[in-house]
Amino acid sequence: MTVLTQDAPQILGDRQSNARLLMGALVVMLCITSMASLAVGASGTSLWQSLLDLAMGRDLSLRDRVVLWDIRAPRTFMGILVGAALAMSGAVMQGLFRNPLADPGIVGVSSGAGLGAIMAIVLGGLLPAAITNQIGFYLVPLAAFFGGWASTMLLYRVSTRKGRTSVATMLLAGIALGALTGALSGILVYIADDAQLRDLTFWGMGSLAGATWAKLFAAAPLMFLSMAVAPFLARSLNGLALGEAAASHIGIPVQRMKNIAILTVAGATGAAVAVSGGIGFVGIVVPHLLRLMVGPDHRYLLINSGLLGAALLLMADVVSRTIIAPAELPIGIVTAVLGGPFFLWILLRQRGILDL
Amino acid sequence: MMNAQDITVAYGSREILHGVSFSAKPGQVTAIVGPNGSGKTTLLRALTGDLPYTGQAVLNGIDIATAKPWDLAAMRGVLPQATPLAFPFTVAEVVRLGLQRGLEAQETSLISRALARVDLGEFAGRLYQELSGGEQQRVQLARVLAQVWHPVSEDQPHWLFLDEPVSSLDIGHQLQIMQIARDYADQGGGVIAVMHDLNLTAMFADCVALVADGHILEQDSPNTVFRNDLLSHAYKCNLRVNTPPATGAYLLPHAASMAAE
Ligand SMILES: Nc1ncnc2c1ncn2[C@@H]1O[C@H](COP(=O)(O)OP(=O)(O)OP(=O)(O)O)[C@@H](O)[C@H]1O
Ligand SMILES: [Mg+2]
């Protein structure tokens, strides 16, 4: 099991080099799934034929160019970003709450972000023009970020007392939060006018279908920023596994890192939800699989989660596009069918430990 | 040097420590003893900066209340009374959590040396959650040792703050862990340990602070503090201290006179 590298001598129980190997394997896997995602689609355009044509210096037909560049490519990039963002926020959130069942989708952070996005679309017109002109297209992702931030803060306040998170309280508060934000979102959709409803469909609350470069560029900065910050939390999240007091004893500025972690979760989840709606279970399945494989060290867990989350979401998207072709199954259904039983399995496995 | 003046701690409106003063020198093992609920852990947590307090606590010239966590972590490790662990880390990974930045080069050897020191050399690959309570406590001690491995560096003494380090250990490992504390002090570091076993305290400590009801009744050498009247008053039971010149003080609960009272 243990693999030796030349420079760092290893002791038993050190899973670092395994984690690094896995990182390499995941990069390869992500490349392969990206190609698959570019190659598969309803139109019958062949990625390989087109690449061959380009290599030979021939021009692509307008149709092939549109299919590959304007339809499939943004969808692939969107899948990568959303998958990575959801899986990474899951890993950060689990580290922050010190428990493996925390997930932005399950505990209502995604629906909080969704409410933010819908508010921006339906009530955005009420904002002073000066503001909307300034932030323009970024309004929806930013609003989703604030929605996600508010729900994460609320959830953390409710379920954590003196640095200890109660799993039962967290899950129950998540249900309440999800129901409340869902109801508010429903009211907003109900009062939305036709133009706003078109906008709501444009943002596609619930799938990767309809990914465009414009949407991607609106959400990408927030996602990139959050995902770039997350790895810097790794050492702190590791320390937090010992509890808040012990984390501070080994030199971690606990309060500050918790605030940053909450902002990271809100940023990544919010932006992902703004462009794709609540795609569930990625954030819980991915980090859990990785912990089983190479352990919970966040220095590798966070990055590996991003890679595996991206790859898995692309695969789920390919399935959703092909399984009932030419029609499309919403990707949220695919991830729920796979992730739901997995979540139950984790719950049963952890029941003793978590005292549920 | 650890110096605490007039420390008062309250949980809500209930005052637990009433203006105690406490000090500890590097090169010594300083024990804090006293009955359950007397405030030992509370005092230790104030000294490690975990609790808000009034008064002043200074470690190596740095005010605990305003110090940055990383500055404190560079000069003192803390072993809590119990440490939960959230995720399935291996023993080696738990010990690595204690390592401060800049030690990456020696990382592997420090981890195995710290584990060997607490007699867990064979346990590096085991999952922490699958260990016994005493083994877990020793892993945590190895983590703390790895954090401040050198008792002295750059002329600054390092410190171990231990809350009941041997309470869940068998007698062999009790002696072994107390010896680690003793050696750390002999090499110039400071050790502050909350203890329940007065005999081990008499054997290993240079200085002992006796806490009762949120006051320090006395702080001095064990031979001075361990007197029949003082201990019996603090612990509210009859205790008899024997002091044969060859071994130093040891204690026996005095069953007969307890019944008589
Ligand atoms: N979080 C808390 N909130 C309120 N009161 C507390 C809290 N922690 C401790 N206390 C109270 O403070 C007093 C001192 O507690 P402390 O933990 O310092 O005792 P101790 O001397 O370490 O006891 P033990 O030998 O049992 O470990 C006790 O009366 C306890 O009930
Ligand atoms: Mg205590």
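The phi torsions of region B:197-214, fed into the Karplus equation with coefficients 6.51, -1.76 and 1.60 and a -60° offset, translate into couplings of 7, 5, 5, 4, 4, 4, 6, 10, 8, 8, 8, 9, 10, 9, 9, 8, 6, x Hz, rounded to whole numbers, with Gly and Pro shown as x. Each residue of chain A gets 171 Å³ once the volume of the Cα convex hull is shared out per residue.
Between the residues B:SER21, B:PHE89, B:ALA209, the greatest Cα displacement towards the positive end of the dipole of chain B, with unit charges on the Cβ of Lys, Arg, Asp and Glu, is found for B:PHE89.
Averaging the sequence gap over all C-alpha pairs within less than 8 Å and six or more residues apart, then dividing by the number of residues, gives region A:8-354 a relative contact order of 31 percent.
Across region B:109-227, the volume of the C-alpha convex hull divided among the residues equals 120 Å³ per residue. The local environment of B:ALA4, defined by Cβ-Cβ distances under 15 Å, has a net charge of +1 under the rule Lys, Arg +1 and Asp, Glu -1. Going out from 0 in 10 Å bins, what whole percent of all Cα-Cα distances in the protein assembly as shown drops into each bin? Reading upward from the zero bin: 3, 15, 22, 20, 16, 11, 7, 4, 2, 0, 0. Starting from one equal scatterer on each C-alpha and no solvent at all, send me the Debye-based log10 I(q)/I(0) for region B:1-150 at q = 0.17, 0.21, 0.22 Å⁻¹, two decimals. Computed log10 I(q)/I(0) values: -1.05, -1.27, -1.32. Computed from the alpha carbon atoms alone, the convex hull of region A:90-227 holds 120 Å³ per residue. Here the scattering of region A:33-122 is modelled by Debye summation over its C-alpha atoms, one equal scatterer each and no solvent; at q = 0.17, 0.19, 0.20, 0.21 Å⁻¹ the log10 of I(q)/I(0) is -0.81, -0.88, -0.92, -0.97. Scanning chain B for trypsin sites (Lys or Arg not before Pro) lying in DSSP loops with no more than 16 further Cβ atoms inside 10 Å, the longest uninterrupted stretch between such sites is B:102-226. Here region A:8-354 is treated with +1 on each Lys and Arg Cβ and -1 on each Asp and Glu Cβ, and its dipole about the Cα centre works out to around 1020 debye. Computed from Cα atoms alone, the Kirkwood hydrodynamic radius reported for chain B is 19.1 Å.
Of the trypsin sites (Lys or Arg not before Pro) found in region A:264-356, none is in coil by DSSP with at most 14 other Cβ atoms within 10 Å of its Cβ. When chain B is treated as a Gaussian network with alpha carbon springs shorter than 10 Å, the biggest mean-square fluctuation among B:LEU115, B:LEU169, B:LEU141 belongs to B:LEU169.
Taking 7 Å steps out from each Cα toward its Cβ at A:LEU172 and A:ARG299 produces label points 4.0 nm apart. The Cβ shell under 12 Å around A:ILE284 holds other residues with a net charge of 0, Lys and Arg each +1, Asp and Glu each -1. Working note: Karplus 6.51/-1.76/1.60 with θ = phi - 60° gives region B:217-225 the couplings 5, 6, 10, 6, 5, x, 4, 7, 6 Hz, where Gly and Pro are set to x. Placing pseudo-labels 7 Å out from each Cα toward the beta carbon at A:ALA183 and B:SER13 gives an inter-label distance of 3.7 nm. Simple rule: put +1 on each Lys or Arg Cβ and -1 on each Asp or Glu Cβ in region A:65-218, find the dipole, and look at A:ASN133, A:LEU200, A:ILE175; the Cα lying farthest toward the positive end is A:ILE175. With contacts taken as Cα pairs under 8 Å at a separation of at least 6 residues, chain B carries a relative contact order of 24 percent.
The angle between the Cα long axis of helix B:107-117 and the main principal axis of chain B comes to about 30°, on a 0 to 90 degree scale. Of the chymotrypsin sites (Phe, Trp or Tyr not before Pro) found in region A:79-172, none is in coil by DSSP with at most 13 other Cβ atoms within 10 Å of its Cβ.
Bear in mind that the values in this text are calculations on the coordinates, not laboratory data. Model, not experiment: these values are computed from the prediction. Heads up, the Cβs are rebuilt from the backbone with ideal geometry, glycines too, and the neighbour counts pull from every protein chain shown.
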